[in-house]
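The values are calculated or read from the model by the stated rules, or taken from the named source; none is laboratory data. Since this is a predicted model, take the numbers as computed values, not measurements. Counting neighbours? That spans all protein chains shown, and the Cβs are built from the backbone with ideal geometry, glycine included.
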Amino acid sequence: MEARAPYHTAPPPKGPRNLARPLAAWLRTQGFTALEREQPHFAAVDAHWTGPRGERFQLDYAWSSGPVPSATCRLTVSYPGQAQAEFLFTPQTVRRLRDARLLLTGNQRYANARLLATLPQPAL
């Protein structure tokens, strides 16, 4: 069996990895509608979830390889009757799926909407 270098001495990956498929799959488990697009040197995920008060959370992910590789994730929210969406976080660099999950679940407005969605609704 071939000896492997210890984890802490392994070289880091060259640029961010394409997380489009696993991110879209995870977002779907959270109730998002997600669409991923992939090409050899570019990938994107456009996903949205409508909260219990009609607010629309939009998560966008973009990855590109090349001379300056990048992978970013951003979250916006639009409230009913509001003309312009608000940034909940501007494009943030993500290198792992865990980074993207923490950005989303760590956002207070999104977390509050998710909590409200799980509470029993009063009878009318």
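Among the numbered conditions (1) surrounded by 15 or more Cβ atoms within 10 Å (Cβ to Cβ); (2) out of contact with any strand residue (DSSP E or B) (no Cβ under 6 Å at 6 or more places or on another chain), tell me where L23 comes up short. Here L23 clears every test but (2). Only residues that are over 18 Å from G54 (Cα atoms) and small (G, A, S): list them for the range 89-124, please. Result: A100, G106, A123. The residue list P122, P69, P12 contains one member that is surrounded by 15 or more Cβ atoms within 10 Å (Cβ to Cβ) and at pLDDT below 95, which is P69.
Here's the yes/no breakdown for (1) more than 20 Å from R28 (Cα to Cα); (2) among the hydrophobic types (A, V, I, L, M, F, W, C); (3) within 17 Å of the chain's Cα centre (by Cα):
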site	(1), (2), (3)
W49	no, yes, yes
D60	no, no, yes
S64	yes, no, yes
V68	yes, yes, no
T76	no, no, yes
P80	yes, no, no
F87	yes, yes, yes
Q92	yes, no, yes
R98	no, no, yes
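Whenever a residue of the range 18-37 is of a type in the set (D, E, K, R), its partners that are surrounded by fewer than 15 Cβ atoms within 10 Å (Cβ to Cβ) and outside any helix (DSSP H, G or I), lying with C-beta atoms within less than 9 angstrom and at least six residues away or across chains, give the pairs R21/E38.
Would you say V45 is within 20 Å of P16 (Cβ to Cβ), among the β-branched types (V, I, T) and either modelled with pLDDT under 95 or in contact with a Gly (Cβ under 7 Å, 6 or more places away or on another chain) (or both)? It is false that V45 is within 20 Å of P16 (Cβ to Cβ), among the β-branched types (V, I, T) and either modelled with pLDDT under 95 or in contact with a Gly (Cβ under 7 Å, 6 or more places away or on another chain) (or both).
Can you name every residue in the range 31-45 that is surrounded by 16 or more Cβ atoms within 10 Å (Cβ to Cβ) and within 20 Å of G106 (Cα to Cα)? Spell out how you get there, then give the answer.
Here is the first cut: in the range 31-45, the residues surrounded by 16 or more Cβ atoms within 10 Å (Cβ to Cβ) are 32, 34, 36, 43-45.
Correct list: F32, A34, V45.
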